[in-house]
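Okay, so here's the structure we're looking at.
The values are calculated or read from the model by the stated rules, or taken from the named source; none is laboratory data. Being a predicted model, the structure only gives us computed values, none of them experimental. Here Cβ is always computed from backbone atoms with ideal geometry, including for glycine, and neighbour counts include all displayed protein chains. All accessible areas refer to the heavy atoms of the entire protein, side chains included, with ligands and DNA or RNA removed. Shrake-Rupley method; radii C 1.70, N 1.55, O 1.52, S 1.80 Å.
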Amino acid sequence: MAQQVRGVVAPGRNEPVRVETIIIPDPGPGEAVVKVQACGVCHTDLHYKQGGINDDFPFLLGHEAAGVVESVGPDVTDVAPGDFVILNWRAVCGKCRACRRGRPWYCFDTHNATQKMTLEDGTALSAALGIGAFAEKTLVAAGQCTKVDPSVAPAVAGLLGCGVMAGIGAAINTGEVGRGDTVAVIGCGGVGDAAVVGSRLAGAARIIAVDIDDRKLETARSMGATHTVNSRTTDPVEAIRELTGGFGADVVIEAVGRPETYRQAFYARDLAGTVVLVGVPTPEMKLELPLLDVFGRGGALKSSWYGDCLPSRDFPMLIDLHQQGRIDLGAFVTETIGLDDVEKAFARMHEGDVLRSVVVL
């Protein structure tokens with residue numbers, strides 16, 4: 001029987017979000033209903049609210065979440081009611097050409113729940129990244145549920161659902177940071193700081209954090225950055241080269257998603273170095289680079305989709321590292337809030353006051 005729950009809806013482009021009554025259908029084949037316990041306020045949700053993703057309003061926001069499976073539909077075998085799970089927005093199909101080649105983190109046919117959640121009047125909602133977890137409960141594809149150690153705090157676990165996984169994965173999976181490498185991270189919000197953590201975990205010898213906000217740079221240093229550069233007052237390319245013997249960094253992770261910062265990343269890397277774009281650009285942004293420089297500098301220019309993670313492999317591993325005290329995922333949680341505070345959390349995000357506001361239900 002369908003259920004009524006409270007959820008945060010973005011009704012139209014740049015309109016304030018509001019808490020509405022959401023109708024959650026019973027799970028169908030391959031689907032699960034999850035009782036949400038915590039959901040981080042991610043910049044991608046703000047992109048949805050601003051119309052930067054698409055115009056399929058109204059959106060049910062929220063995607064960086066953890067909770068407990070309440071019920072499952074027919075043919076679901078990997079999760080069961082009572083399982084504590086992190087929700088992921090790339091449920092791999094296991095059948096596409098990427099999956100068949102043993103590269104499921106590049107799955108080209110990821111899937112979401114077939115049924116739609118709706119408003120009381122029957123208006124279909126577009127769930128952010130196929131999840132829609134700023135709600136007391138949500139309907140997802142069962143493959144979007146990844147079981148992890150239930151002893152971890154939901155507010156911490158949920159962060160792996162998007163931003164923290166994106167940053168750590170950008171360093172470890174996409175950038176393939178190795179022992180002794182020099183890494184520069186441009187943009188020190190939640191994703192950038194997670195890239196700092198991932199670089200440290202991978203054994204980088206030098207981690208250079210770049211931002212225009214000294215508060216963020218100080219946070220990045222607390223996460224493991226060995227050097228910081230304020231690019232508002234200092235040319236970051238020259239500063240990174242100076243810190244690397246004039247050569248540039250082995251890996252530069254761009255966690256802003258803007259053409260100007262991408263150019264900085266491109267020229268701040270060593271010859272044959274790697275640039276990883278994990279910041280999300282908006283559709284109208286264009287990039288222009290001299291093709292001769294692309295050829296002449298060699299190396300690799302990569303985009304990082306969700307940190308190129310495989311949730312079933314990476315989520316439990318990172319939760320274990322957190323439980324062992326080897327990484328501090330809790331350091332990313334700036335504040336916990338309620339559903340009614342999401343609009344204020346977006347404002348705080350815009351002002352640079354938080355790493356993560358986390359809705360706790």
Criterion first (open to solvent by less than 20 Å² (accessible area, probe 1.4 Å) and more than 20 Å from the chain's Cα centre (by Cα)) does Arg326 satisfy it?
no
What residue, among those in the stretch 78-100 that are assigned to a loop (DSSP other than H, G, I, E, B) and charged (D, E, K, R), is farthest from Ile319 (Cα to Cα)?
Lys95
Taking Gly189, is it modelled with pLDDT under 95 and either crowded, with 23+ Cβ neighbours inside 10 Å or touching a Cys at 6+ places or on another chain (Cβ under 8 Å) (or both)?
yes
Per-region count, the stretch 261-284, residues in a loop (DSSP other than H, G, I, E, B) and either modelled with pLDDT of 95 or more or of a type outside the set (A, V, I, L, M) (or both):
6
Among the numbered criteria (1) part of a helix (DSSP H, G or I); (2) under 21 Å from Gly52 (Cβ atoms); (3) open to solvent by 40 Å² or more (accessible area, probe 1.4 Å), which single criterion is violated by Gly296?
(2)
Do we find a residue being open to solvent by 40 Å² or more (accessible area, probe 1.4 Å) and part of a loop (DSSP other than H, G, I, E, B) anywhere in the stretch 299-308?
yes
With respect to Arg200, determine if the residue is open to solvent by 30 Å² or more (accessible area, probe 1.4 Å) and in contact with a His (Cβ under 9 Å, 6 or more places away or on another chain).
no
Just checking, does the stretch 98-114 include any residue being open to solvent by less than 10 Å² (accessible area, probe 1.4 Å) and farther than 26 Å from Arg18 by Cα?
yes
With the requirement that a residue be within 23 Å of Ile337 (Cα to Cα), outside any loop (DSSP other than H, G, I, E, B) and open to solvent by 10 Å² or more (accessible area, probe 1.4 Å), what does the stretch 131-160 give you?
Lys137, Pro154, Ala155, Val156
Count - residues of the stretch 23-54 that are touching a Cys at 6+ places or on another chain (Cβ under 8 Å), in a strand (DSSP E or B) and closer than 27 Å to Gly352 by Cβ
1
Only one of Ile208, Ile240 is open to solvent by less than 60 Å² (accessible area, probe 1.4 Å), farther than 18 Å from Gly257 by Cβ, part of a strand (DSSP E or B) and touching a helix residue (DSSP H, G or I) at 6+ places or on another chain (Cβ under 8 Å), namely Ile208
Out of the residues in the stretch 1-44 that are of a type in the set (D, E, K, R) and open to solvent by 20 Å² or more (accessible area, probe 1.4 Å), state the one that is farthest from Gly187 (Cα to Cα).
Asp26
Just a yes or no: is a residue in the stretch 267-280 on the phi > 0 side of the Ramachandran plot, open to solvent by less than 50 Å² (accessible area, probe 1.4 Å) and in contact (Cβ under 8 Å) with a residue 60 or more places away in the chain?
no
